Structure formats: C-alpha cells, structure tokens
Amino acid sequence: MKGLMYRNLKIYFSNKSGVFFSLMGALISFVLYLIFLRQNMVSSWSSVPDTKLLLDPWLIGGTLTITAITTTLSSLSLMVQDRGKNTLSDLSLTDVSYLGIQCSYLLTAMIVGIIMQLVMYFMMGGYFMIADNSPLEMAIFPQIFGIIVLSSFIWTAFNLLLLSFVKKIDTLGKIGTIVGTASGFLAGVYIPIGMLPTTVQQFMKYTPALYNTAIYRNILMNTQLQHSFKNFPVSVLNSFKDNMGISVKWGSQILTNQQDSLVILSFAVVISMVAVLIFRFSRRVVISRA
Amino acid sequence: MKLLQAINLTKKFPNKLAVNNISLTINQGDLVALLGPNGAGKSTTLNMLIGVSQPTSGKIIFGDKSASIKDYKNEIGVVFQGSVLDANLTVKDNIMTRAHMYTRTVQLNSLIKKFELESIWKQPYCSLSGGQKRRVDIARALISSPKLLFLDEPSTGLDIQTRTKIWEVLNQLREDTGLTIVFTTHYLEESENADYVYIMDQGKVIAEDTVAGLQQKYTQNVLQLDYLTGETTTTTLDNKDEAIKILVKNAKLLTNFEYRPGTMDDVFMNLTGKEIR
Ligand SMILES: Nc1ncnc2c1ncn2[C@@H]1O[C@H](COP(=O)(O)OP(=O)(O)OP(=O)(O)O)[C@@H](O)[C@H]1O
Ligand SMILES: [Mg+2]
C-alpha cells in the first residue's frame, strides 16, 4: 500500500497546473480579500481598533477550509480517473488488496489536504506578517495542526461521497469548478455570513464548512479579539463573532470550539457511513466496469 | 500442458453480443494469437480472461481447476490496449512504484537491460515515442515475473523495425523463461509467429489451428513463375504433380519459380471473404 500511496502522491504533486488549480478557490478568496473585501469590512467595523490585525487571521481561517475542500477533492479525483481507465483493473493485479487500493486513495487525499493547508497557512501567515505586521503565533500551532488534520478527514469523506456518483472522467472538471466556487460561499469567506439572508444562513448551518471555518477563526483570532474588544461589552463581541462567522449559533446557544469539532466529527461519521454503504453496493460495478 | 482454458465464454453488452460462445486453450510456453478485425471481440475476450469484465456465461480453468481471477492474478501480467501507465510520472517512477506494490521480490535490473530502459529512465512517460512507451508497458507488466503475459495489440501503430525489436525481446524472454504469451492483433504477418492462432470475427472464433494447419486447411498453394522476359505469373494450384508438369513444360523459359502455401492473408480472405485491413 505504501507503494501505491507514493504513486498517488507523486501523481498529484508532479502535475503542477493541477496543484495550482486545486488551490484556485483558496487563491481567489485571498486575492478577493486583498483587493476589496478587506477595505469593505475595515470600514464597516471602523469602531473596533486594529481591524486589519483582526481580519487577516479571519481570512486565513476561511481560506484554509476552502483549501481542505478543494485539494482533497483534487487528489481523490485520481480514484475516478483510475476507475475510468483500466488502471484500477491493472492495480488489482498487484499484491495490494482491493480495500488497500481504496484506502490508499483516501489516505493520499488526506495527506495532500494536510500538506496543502500547511503550505497555505504559512504562505498567508508569512505574507500578512510582512505586509501588516500580523503576528504568526506559534503557540497555537499544535491546535491549528489538529484542525488541519480534522478538516482533511472530513473533506476527504465528503468528497468520497460526492465522487461515488461520478462515473465519467469529464464530469470531474465540472465538479471541481462547482465545489471550488461553492466552498468559498459555504465557508463564509467570499461574503461574511451575517450579510446573507437568514434562509441562506440557515442552510449553511447544515453543511460542515461553516463549523470548520469557525473553529479555525476562533483559534486564530482569539488573542486579537481579546485585544480589540477589551473596551466593549461582551454583547458587541458576540455579535461580531456571529456576523463574521467566527462562532456558530444554534438558537441562542453559541457553540464552543469543542462543540464545533463534535459537529464536524458527527458529519464525518455520517458521511463516511453513507459513502461506505454506496461503495458496498457499487463494488461489483467498480471492479468490472462493464 | 494446459495452462489456461476458456470454455464457452460469452459476453453480452446491453445492445451488443461482443463475444459469442468461444472456447480457448492456452498451453504452457506457447505463443497464442487472437487475430481479428476491429470490433471482433478480441479485447473483450482478453478482458474476461484477466478479470476486468465478468463473462455473461462460460467458465475459465486455470491449471486444472475452475478458477476466478483471484486464483491466478499472481501468475499473469497484462499490457492493455490503451496504456494504463501514469503519463506525468517518469519511467523510473512508473516502474519503481509498481515494484513496491508486490510483496515478493522482483527482478528489475535484467528487465531494464532487456528493454533498454536506461536511456529513457528519467523521462516522463508521456514524452516517450510509441515504441519506447510499449517497451516500458511490457517491462512493467513483467515486473512480477508472471507465467502468462497478455498483450492487447502490442504493436498497433508501431513501425516495422520497432515491432520486430519488441518481438525479438519477447522471443528471447520466452526462450529464457518459458513465458507463455497471449496476444491480440490485426496484423496478419504478426500472427504468423504464433504457435497457435485463433481467428475471430464478429464475436466468434471462426477458425483455429497452427499457422501451417490454417494455411493447409483454408488456402491453396501458390505457384509463382518468373519468366526470362521479366514477366511473373502466379496461379493457385493445390496439386504438386500438376505443378511439376507446368515447371517441366516451361523449364527453358523460366529464371526462377516459387511453390508455397497461401499466406495468412489468404486464410483470412477465404474465411471471411474480406480483407482484414
Ligand atoms: N463496454 C461496452 N459496452 C458496449 N459495447 C461494447 C463494450 N465494449 C466493447 N463493446 C463492443 O463489443 C465489440 C467488440 O469490441 P472489442 O473491443 O472486444 O473489439 P476488438 O476486437 O478488441 O477491436 P479492436 O481491434 O478495435 O481493438 C465492439 O462492437 C464494441 O463496440
Ligand atoms: Mg481491442
């Protein structure tokens, strides 16, 4: 299985344009932010001091979620490609078991997701450190790394489910585009959740992206939030968090980081179970394509 | 010794009977050709033998017992009609990652030498010429030292030198290791090297035998006369006494003559009433 994972990783990383395009959603959110989103938000929260320092980690949080979604999808697409050609049959002639082959796609996607999130994290963190003097706190890195792994896991499961419906290689490109765009909205990056109609907000709460972003932002912004809001009543802080998608509210209850993580984990479990069920049914179809 | 047998294999696609009740026997050490025009069902047959597709009916016997692909996947190597190697990876990565997918120890150095892969070792697979690609394909299929190698159209699209080169290596390999090879082709000349030939058309085996047997069964001998005047005539003639008579009668007028069995072209022509290409 190691040999196969190595192959899968090589295929992802040796395709430079593929790597670039799998980061497209993330790059768009980053550029969009630099060009005008930040200006907008800084002016609408002008009463809060150091808005820039507040918003930089806010952006990082959302962009990491997008990265997790799109890069795991891109890596996992190899599964569909191999299935569409005779590659899967060819692989099944080796000593790697069928289960091993499938797991290697999943593990590869997770590893790709972790690596690419780390790359994006340090790229954006480094940029903001130079451009805005935003601190890159190493103390929170272990927590961030934990969330990076968790995100890779949930989105690999999610994309597995998504791709179990894809039979044709041509469809992959379209799915990639749709997911790339949708993730920016669902993660609350292109537009802060508070600016969306309530029905849309409600819908977003049924997808894991929102919670994923919220945890990231909570951890990344924590120090700066305490600084910026120390002279404001808690209600102002809470409404900022709510509007900006830093915490998710169920009714009147504001979810904590642990609760967010639990929500994500539950999503992951349910999604995995559905994916495995579908996979069971289609197993015969998958091996012998005709 | 019988290595692999297919008995009454049939493959129905929703709107197409691709393979219609065919039986094959592949003997240990033989070079077996499946010859047929485009769409004859060669690939479909091969795919059933290597477990890529399930036969609609019929069975496969490996060694001496009824088998599914699981029982003999360790013993076979496959080169698919459309290559399945990873285009963006180098030859080295394609070969080495594959080698790591086997738990048994594998012989790489001799393969690399035989198929002359050193000079293209670091090149991405997609940048190779057709012949080079084929060499890598075959070398990779042999990594696990299989007993039985399947080649689906190994030389389609290759020029004659490259084709000859590839067969030289394969024949050498057969001599050295006793490798059994099953290949599909629509080149008649290529099938002439085979120990046994199955001719397929429209999903059926329409004839099977050794090359000599097929020629004998399905063609008449050909007498070719080269005259002093530079003229050449060919006549089909299946009677040696008759031939000798003609030769004696014309002896003074001839520079040369040839009396030979019909070619595989003639076999195919006579069986199907059409040219294969
Ligand atoms: N998955 C499929 N679904 C429906 N029909 C198929 C499928 N695969 C093959 N066929 C049909 O079965 C017939 C035999 O195809 P096959 O690929 O076995 O031919 P072939 O002898 O290998 O031809 P070629 O020399 O062109 O490779 C063709 O008519 C083809 O259209
Ligand atoms: Mg074919």
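I'm checking my understanding of the structure. Among residues of the stretch B:46-65 that are within 13 Å of another protein chain (Cβ to nearest Cβ) and modelled with pLDDT of 90 or more, which one is surrounded by the most Cβ atoms within 10 Å (Cβ to Cβ)? Show your work before the answer.
Narrowing the stretch B:46-65 to residues within 13 Å of another protein chain (Cβ to nearest Cβ): B:46-56.
Now narrow it down to the ones that are modelled with pLDDT of 90 or more: B:46-50, B:55-56.
Working: B:Leu46: 22, B:Asn47: 27, B:Met48: 25, B:Leu49: 25, B:Ile50: 24, B:Pro55: 21, B:Thr56: 14.
Checked the stretch B:46-65; the qualifying residue surrounded by the most Cβ atoms within 10 Å (Cβ to Cβ) is B:Asn47.
Residues of the stretch A:95-113 include at least one that is farther than 26 Å from A:Asn218 by Cβ, without any contact (Cβ under 8 Å) to a residue 24 or more places away in the chain and assigned to a loop (DSSP other than H, G, I, E, B).
Name the single residue, out of those in the stretch A:20-32 being free of Cβ contacts under 8 Å to residues at least 40 places away in the same chain and over 15 Å from the mean Cα position of the chain (by Cα), that is farthest from the other protein chains (Cβ to nearest Cβ). It would help to see each step written out before you state the result.
Here is the first cut: in the stretch A:20-32, the residues free of Cβ contacts under 8 Å to residues at least 40 places away in the same chain are A:20, A:27, A:31.
Filter once more, so that each one left must be over 15 Å from the mean Cα position of the chain (by Cα): A:20, A:31.
Details: A:Phe20: 14, A:Val31: 27 Å.
Top of the filtered list is A:Val31.
If you go through the stretch B:157-173 one residue at a time, do you hit one that is within 16 Å of ligand 2 (Cβ to nearest atom), within 26 Å of B:Leu85 (Cβ to Cβ) and not aliphatic (A, V, I, L, M)? Yes, the conditions are met somewhere in the stretch B:157-173.
Have a look at A:Ser46, A:Ser92, A:Ser97 and point out the one that is away from chain B (no Cβ under 14 Å) and polar (S, T, N, Q).
Numbers: A:Ser92 fails: away from chain B (no Cβ under 14 Å); A:Ser97 fails: away from chain B (no Cβ under 14 Å).
Answer to the check: A:Ser46.
Condition (residue is touching a residue at least 12 places away in the same chain (Cβ under 8 Å), aromatic (Phe, Trp, Tyr) and either in contact with a strand residue (DSSP E or B) (Cβ under 8 Å, 6 or more places away or on another chain) or within 13 Å of ligand 1 (Cβ to nearest atom) (or both)) applied to the stretch B:66-74: is it met by at least one residue? Yes, the stretch B:66-74 has at least one match.
Between B:Arg98, B:Arg104, B:Arg135, B:Arg140, the distinction of being of a type in the set (D, E, K, R), under 19 Å from the mean Cα position of the chain (by Cα), within 14 Å of chain A (Cβ to nearest Cβ) and away from ligand 2 (no atom under 16 Å from the Cβ) belongs to B:Arg140 only. Among residues of the stretch A:156-185 that are of a type outside the set (S, T, N, Q), those with a Cβ under 6 angstrom from a residue that is at pLDDT below 90 and not in a helix (DSSP H, G or I), sequence gap 6+ or separate chain, pair up as A:Gly184/A:Tyr190. Residues of the stretch B:149-165 that are modelled with pLDDT of 90 or more and either hydrophobic (A, V, I, L, M, F, W, C) or part of a strand (DSSP E or B) (or both): B:Leu149, B:Phe150, B:Leu151, B:Asp152. The residues of the stretch B:178-224 that are within 10 Å of the chain's Cα centre (by Cα), within 16 Å of ligand 1 (Cβ to nearest atom) and part of a loop (DSSP other than H, G, I, E, B), listed by number, are B:His186, B:Tyr187.
The values are calculated or read from the model by the stated rules, or taken from the named source; none is laboratory data. Keep in mind that this is a model prediction, so the values were computed, not measured. Every residue, glycine as well, gets a Cβ built from its backbone with ideal geometry; the counts of neighbours run over all protein chains shown.
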